[in-house]
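Before any comments, here is the structure.
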Amino acid sequence: NSSSDDRGYLKPFIADMRAAADRVFDRYPNLRGEVEVGFTGMPAHVLTEAETVFSDVGNGAIVSVILVVCIILMGFRSLRKVGVAVVPIVVGMVIALGAIQLIVGRLTLISAAFMAVMFGMSIDFCIYIIRRTEEELGHGVSRADAVRTAVVGTGRGVLTGGLTTALAFFAVAMSDFVGFSELGITAGTGVLACLAATFLALPALLLRVKPEPQRPNLESIRAATGTPQWRKGLVVWTAVIVAVTAWGIWSLRDVSFDYNALHLLPR
C-alpha cells in the first residue's frame, strides 16, 4: 500500500517476498534447481541501486585507503608520516560527506564512486608539504620555520592545483545529465574539503610529530642518470612509448558508444 522508495521500507518488503518464495520451495522441494526466482520492478530496482551505493562507498574507500597507505609507506618508510598524511584527508572526506548532504542531499551510483578516487587524489596535497618540510629540516632550519616555509612556498602550488581540479569538476556540474552534474558537485566539494583540511590540520600535525630531516643527494642522482646504460634505457622506453601511443591512436576508430544504460547497473 506504500509507494515509498525509502531503503528502510523496501529492504524488509523485498525480504518478505524472498521469504514467500522460500516457503514455496520448502513446500515443493522438487522445484529447487528447476525454477529460478528473481525480482524486478521499481522496488527491487531502487533497493539494488541503494545497496550497491552503500557497498561501493564502503568497499571502495577501504581499498583506496589500504593501497594509498601501502604506497606512502614504501615511499616514506615511516608509519608516523603515513598517519600525518592520511589523517587530514580522512577529516576532509568526512567534512565533504556532510557538505554533500547539505548541498546535494544524496549519493548516486555515479557520484559514490568518486569517494575512493578523492582519497587518492587529495593525498598528494599532504605528500608535497611533508616532503618540503623534510627538505627544509635537512637544510638546518627549525621545525617551525620548516613547516612555515613548506606551507607558504609549496602550499601555493598545492592550493593552485587543488583549486584547478575542483573548478574542473564544478564545470562538469553544468551538465544536463543529472548523474554527471551531481558527480561534478560531489567531486569539487570533496577536493575543496580535503584541501582545506590539509592546510588546517597538516601544519599542526607536523609541529607535533617530528619528521626526519632529508637532504636529497642530487650529485648521486646526476651521476646515476648520466651513465650510458641509463641513456640506452631511455631510448628503449621512448621507443616503447611511441609504439604504444601509435597503437592507441590507431585503435581510436574501434571505440564504440554503448547507449544502453542498463549495462551500468549491477548484474
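The values are calculated or read from the model by the stated rules, or taken from the named source; none is laboratory data. Predicted model only: the values in this text are computed from it and were never measured. All Cβ positions, glycine included, derive from the backbone under ideal geometry; neighbour counts span all protein chains shown. For accessibility, only protein heavy atoms count, side chains too; no ligands or nucleic acids. Shrake-Rupley method; radii C 1.70, N 1.55, O 1.52, S 1.80 Å.
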Pairs, first within 19 Å of residue 133 (Cα to Cα) in the stretch 178-200, second of a type in the set (Asp, Glu) and in a helix (DSSP H, G or I), C-beta under 7 Å, six or more apart: none
Residue in the stretch 124-137 that is of a type in the set (D, E, K, R) and open to solvent by less than 50 Å² (accessible area, probe 1.4 Å) present: yes
Single condition residue 149 does not satisfy, out of (1) part of a helix (DSSP H, G or I); (2) within 28 Å of residue 99 (Cβ to Cβ); (3) in contact with a helix residue (DSSP H, G or I) (Cβ under 7 Å, 6 or more places away or on another chain); (4) free of Cβ contacts under 8 Å to residues at least 24 places away in the same chain: (2)
Residue 33 vs. criteria at positive phi, of a type outside the set (A, V, I, L, M, F, W, C) and over 30 Å from the mean Cα position of the chain (by Cα): yes
Condition met for residue 131 (of a type in the set (Lys, Arg), in a loop (DSSP other than H, G, I, E, B) and under 21 Å from residue 191 (Cα atoms)): no
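One line per residue, one yes/no per condition, for (1) modelled with pLDDT under 85; (2) assigned to a helix (DSSP H, G or I):
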position	(1), (2)
179	yes, yes
184	no, yes
192	no, yes
201	no, yes
215	yes, no
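Results for (1) surrounded by 11 or more Cβ atoms within 10 Å (Cβ to Cβ); (2) more than 30 Å from residue 91 (Cα to Cα), shown as yes or no for each residue.
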{"site": "194", "(1), (2)": "yes, no"}
{"site": "198", "(1), (2)": "yes, no"}
{"site": "206", "(1), (2)": "yes, no"}
{"site": "213", "(1), (2)": "yes, no"}
{"site": "216", "(1), (2)": "yes, yes"}
{"site": "221", "(1), (2)": "no, yes"}
{"site": "226", "(1), (2)": "no, yes"}
{"site": "246", "(1), (2)": "no, yes"}
{"site": "262", "(1), (2)": "no, yes"}
Test for residue 168: is it open to solvent by 50 Å² or more (accessible area, probe 1.4 Å), among the aliphatic types (A, V, I, L, M) and under 26 Å from the mean Cα position of the chain (by Cα): yes
Of all residues in the stretch 152-174 being part of a helix (DSSP H, G or I) and of a type in the set (Gly, Ala, Ser), the one that is nearest to residue 216 (Cα to Cα): 153
Selected residue (only one of 141, 178 is open to solvent by 50 Å² or more (accessible area, probe 1.4 Å), of a type outside the set (Lys, Arg), over 24 Å from the mean Cα position of the chain (by Cα) and more than 18 Å from residue 90 (Cα to Cα)): 141
